[in-house]
Each structure stands twice: as structure tokens, then as C-alpha cells.
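The values are calculated or read from the model by the stated rules, or taken from the named source; none is laboratory data. Not measured: the values here are computed from a predicted model. Backbone-built Cβ (ideal geometry, glycine too); neighbour counts: all protein chains shown. These area figures cover heavy atoms from the full protein model, side chains too; ligands, DNA and RNA do not enter into them. Shrake-Rupley method; radii C 1.70, N 1.55, O 1.52, S 1.80 Å.
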Amino acid sequence: LERSTRSYQAQVTSNLELVKVGQALPSDLQGLFFDEEKRLFDGLRVEFQILLDQSPNRFTTTRQKITTGLSWLSWLPWVAFALIFVAALIVRSWLRQLILDPIRRLQQAAQVLADGDGSIRLPIKSFDEMGKLSATFNQTAVTLSLRTAELQRSNRDLEQFAYLASHDLQEPLRMISSYCDLLGKRYASSFDEKAKEYFGRITAASQRM
């Protein structure tokens, strides 16, 4: 259409220029100019009619494209929601592996350590805060194991000392109790009240020991 319009404008402008200069054109040449202008104008009209005929189809095609695009846009929120949901699951799984699982293992290991098993150790898989915490826990477990062993050895020593001390004390206490019984049986009648009181205190004290 633009090409036909330019051709028609060029022909008309050329004819107008000839008229402006007052040049008289033969009738046959005027007929040729008129026929050429008519041919160009008819071509322009045909092109314009083609444009008018194609406009509805192009409008329909464009509208279909827009409708298709809008239909995809209507699904966009759901697609975005699905992507956000999947991303949230991935982040949750990553956070669980990074934070929750190590904390749970630490809690279980602490319970085992509290129950008295000092051999528990945590694996150190990283050098972040959780890795440092695991290393501190392992060091604490080692320290508690050593101190528990020392306490057990001290308890055994104390038990042995208590056994030996009680054994060594039993013999003289039995001697005291025996002689108190003998004194009570043989000389109780010759004791005055004060002597009986003293003798009773010695007997009671030896029985308590």
C-alpha cells in the first residue's frame, strides 16, 4: 500500500508540475496521463481494499495471540505458587540436614552421655558452628570419661579403706564390749551409782560403734 501510494503521488506531482509551468499537453498525452493516474489510483484502491480485507483476520489472529498469552498469564500464579512450594521444600530439607539433624544427634548423644556412657562421640562433618559444637561435646565427653574413671578409682580406694578400717576397728570394739560384759557380770554389785553410770555410757558407746 505504501509503495502504491508513493507511485501515485509521484505521478500526480509530475502532472501538476507540468500544469504549473503552463505547458500545453496534447490531448492524446493528457489521455495517457489520465489513464496512468487512473491505473495507479485503481491499484491504490485495490491495495487499500486488500488491507481492509486482511485487517479482520489480522485482528482475529492478534486477539487469539493475546487471549493465549492471557491464558498463560492466568496460570502464572499457580506456576509461581508451585515453584515457591518446591523451593520451600528444598530449603526445608536443606535446613533440616544442616541444622535440625545435627541438633537432634547432639541431643541424643547428650542423653547417652547423661546415662553414663562416656564413649559416645559425634562425627565432625564441617567446621561451622555445629562442627565446633560437636568438637566441644567430644572434648567434654573425653573429660567426663577421665573424671569418671578417677572417681571410680577413688571410690574403690575409699571402699577398700572403709573395709580395712571397719575390720581394724571391729576387733578392739569386740574386746571392749567383751570386757564390759565381763565387768558387768562379775563386779556390777560392787559399783556405786556413779560407777554404774560411767559403765553404762561405755557399754552404750561401744555398742553404737
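Name the residue, out of MET175, MET209, that is at negative phi, aliphatic (A, V, I, L, M) and touching a residue at least 40 places away in the same chain (Cβ under 8 Å).
Matching residue, one of MET175, MET209: MET209.
Only one residue in SER154, SER189 is assigned to a helix (DSSP H, G or I), over 30 Å from ASP117 (Cα atoms) and small (Gly, Ala, Ser). Which one?
SER189
Confirm whether PHE127 is surrounded by fewer than 11 Cβ atoms within 10 Å (Cβ to Cβ), over 30 Å from ALA204 (Cβ atoms) and among the hydrophobic types (A, V, I, L, M, F, W, C).
Numbers: surrounded by fewer than 11 Cβ atoms within 10 Å (Cβ to Cβ): yes; over 30 Å from ALA204 (Cβ atoms): yes; among the hydrophobic types (A, V, I, L, M, F, W, C): yes.
For PHE127, the condition - surrounded by fewer than 11 Cβ atoms within 10 Å (Cβ to Cβ), over 30 Å from ALA204 (Cβ atoms) and among the hydrophobic types (A, V, I, L, M, F, W, C) - is met.
Considering only segment 152-160, I want to know if a residue exists there that is surrounded by 10 or more Cβ atoms within 10 Å (Cβ to Cβ), without any contact (Cβ under 8 Å) to a residue 24 or more places away in the chain and among the acidic types (Asp, Glu). Spell out how you get there, then give the answer.
Just the residues of segment 152-160 that are surrounded by 10 or more Cβ atoms within 10 Å (Cβ to Cβ), to begin with: 152-160.
Narrowing further to those that are without any contact (Cβ under 8 Å) to a residue 24 or more places away in the chain: 152-160.
Filter once more, so that each one left must be among the acidic types (Asp, Glu): 157, 159.
For segment 152-160, residues surrounded by 10 or more Cβ atoms within 10 Å (Cβ to Cβ), without any contact (Cβ under 8 Å) to a residue 24 or more places away in the chain and among the acidic types (Asp, Glu): present.
Residues are listed down the side, and each one gets a yes or a no for (1) out of contact with any helix residue (DSSP H, G or I) (no Cβ under 7 Å at 6 or more places or on another chain); (2) aromatic (Phe, Trp, Tyr); (3) part of a helix (DSSP H, G or I):
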site: TRP75; (1), (2), (3): yes, yes, yes
site: VAL91; (1), (2), (3): yes, no, yes
site: LEU100; (1), (2), (3): yes, no, yes
site: LEU113; (1), (2), (3): no, no, yes
site: GLY116; (1), (2), (3): yes, no, no
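Could you list, in sequence order, all residues of segment 193-203 that are closer than 24 Å to ALA165 by Cα and open to solvent by 40 Å² or more (accessible area, probe 1.4 Å)?
Scanning segment 193-203 gives ARG201, ILE202.
Modelled with pLDDT under 85, of a type in the set (Ser, Thr, Tyr), open to solvent by 50 Å² or more (accessible area, probe 1.4 Å) and more than 60 Å from the chain's Cα centre (by Cα): which single residue out of SER190, SER178 fits that description?
One residue alone meets the criteria, SER190.
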